[in-house]
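Q: Please see the structure below; I have some questions.
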Amino acid sequence: MAGFPSLLRGVYLTLYNWTVFAGWLQVLYFAVTTLKDAGHQHVYNAVQRPLQLAQSAAILEILHGLVGLVRSPITATLPQISSRLFLTWGILYSFPEIQSHVLVSSLVISWSITEIIRYSFFGMKEALGFAPSWLLWLRYSTFILLYPSGITSEVGLVYAALPYIKKSELYCLRMPNKWNGSFDYFYASILVLAIYVPGSPHMYSYMLGQRKKALSKSKRE
């Protein structure tokens, strides 16, 4: 009986990883084909639904870490997932004016390639107990280019949305109100941009350290 929870965990994580993998594969396919056939102005409309579903599914990864299903530290997982959810729902979905921006294409392509590699890596590890060396190398190397392109796209899109955020006053809470408090989404978005300044180099350094450990370990095995 002691092995049943472990088996159940493995089956669940295998299904989870391959399901989200399929979602990101769909995002990449729609993004690339639409970019080629119709131009960057139409990429968001093509990927909107699978992007929202695939990215929102990452919320479960926070729960996985909290309950001990995976060993990934919440301190590394939470900021990345939070920033992506902010872009997916708080910027792209909420402000249609920037959905045709050229940076949407670089954003979703950077995200989707990264996640296709990551989810297939963990999917194979859960299903087979190992991942091939070439996939391990991709998992811990492609971020060297894709992380900067993704972060640049994120920052650029938030910045591009600022005038529309300020004009619309969407998600703002003004005084007076029954909660006796106020919230300005425009300044909150500026704060998010400010967090990228120390946060991005820190995360990049963390991932470089993880790369060094993972590839060194693979050479010893």
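Q: How many of the residues in segment 80-132 are hydrophobic (A, V, I, L, M, F, W, C) and open to solvent by 30 Å² or more (accessible area, probe 1.4 Å)?
A: 12
Q: Let me ask something else about it. Under the condition of being within 14 Å of the chain's Cα centre (by Cα) and in a loop (DSSP other than H, G, I, E, B), which residue from segment 37-63 is surrounded by the fewest Cβ atoms within 10 Å (Cβ to Cβ)?
A: 57
Q: For the list (1) in a helix (DSSP H, G or I); (2) free of Cβ contacts under 8 Å to residues at least 40 places away in the same chain; (3) farther than 26 Å from residue 171 by Cα, I need the number of the one condition that residue 113 fails.
A: (2) is the only condition that residue 113 fails.
Q: Could you tell me how many of the residues in segment 151-184 are free of Cβ contacts under 8 Å to residues at least 60 places away in the same chain and over 17 Å from the mean Cα position of the chain (by Cα)?
A: 19
Q: Out of 72, 83, 94, report the one residue that is in contact (Cβ under 8 Å) with a residue 40 or more places away in the chain, among the hydroxyl-bearing types (Ser, Thr, Tyr) and under 22 Å from residue 207 (Cβ atoms).
A: Selected residue: 83, the only one of 72, 83, 94 that is in contact (Cβ under 8 Å) with a residue 40 or more places away in the chain, among the hydroxyl-bearing types (Ser, Thr, Tyr) and under 22 Å from residue 207 (Cβ atoms).
Q: Is it the case that some residue within segment 178-186 is under 22 Å from residue 200 (Cα atoms) and either at pLDDT 95 or above or in contact with a Cys (Cβ under 8 Å, 6 or more places away or on another chain) (or both)?
A: There is at least one residue in segment 178-186 that is under 22 Å from residue 200 (Cα atoms) and either at pLDDT 95 or above or in contact with a Cys (Cβ under 8 Å, 6 or more places away or on another chain) (or both).
Q: While we're looking at this one, here's another question. Could you tell me which of the residues 139, 174 is open to solvent by 50 Å² or more (accessible area, probe 1.4 Å) and either under 29 Å from residue 18 (Cβ atoms) or not basic (Lys, Arg) (or both)?
A: None of the others qualify; the one that does is 139.
Q: Would you check if residue 200 is buried (at least 16 other Cβ atoms within 10 Å of the Cβ), among the hydroxyl-bearing types (Ser, Thr, Tyr) and over 24 Å from residue 44 (Cα atoms)?
A: Here the answer is yes, as residue 200 does meet what is asked.
Q: Just checking, does segment 144-154 include any residue being over 21 Å from residue 72 (Cβ atoms), of a type in the set (Val, Ile, Thr) and assigned to a helix (DSSP H, G or I)?
A: Yes.
The values are calculated or read from the model by the stated rules, or taken from the named source; none is laboratory data. Owing to the predicted nature of the structure, the values given are computational and were not obtained by experimental measurement. Every residue, glycine among them, receives a Cβ derived from its backbone with ideal geometry; neighbour counts consider all protein chains shown. Each accessible area value is taken on the protein alone, full model and side chains, heavy atoms only, with ligands, DNA and RNA left out. Shrake-Rupley method; radii C 1.70, N 1.55, O 1.52, S 1.80 Å.
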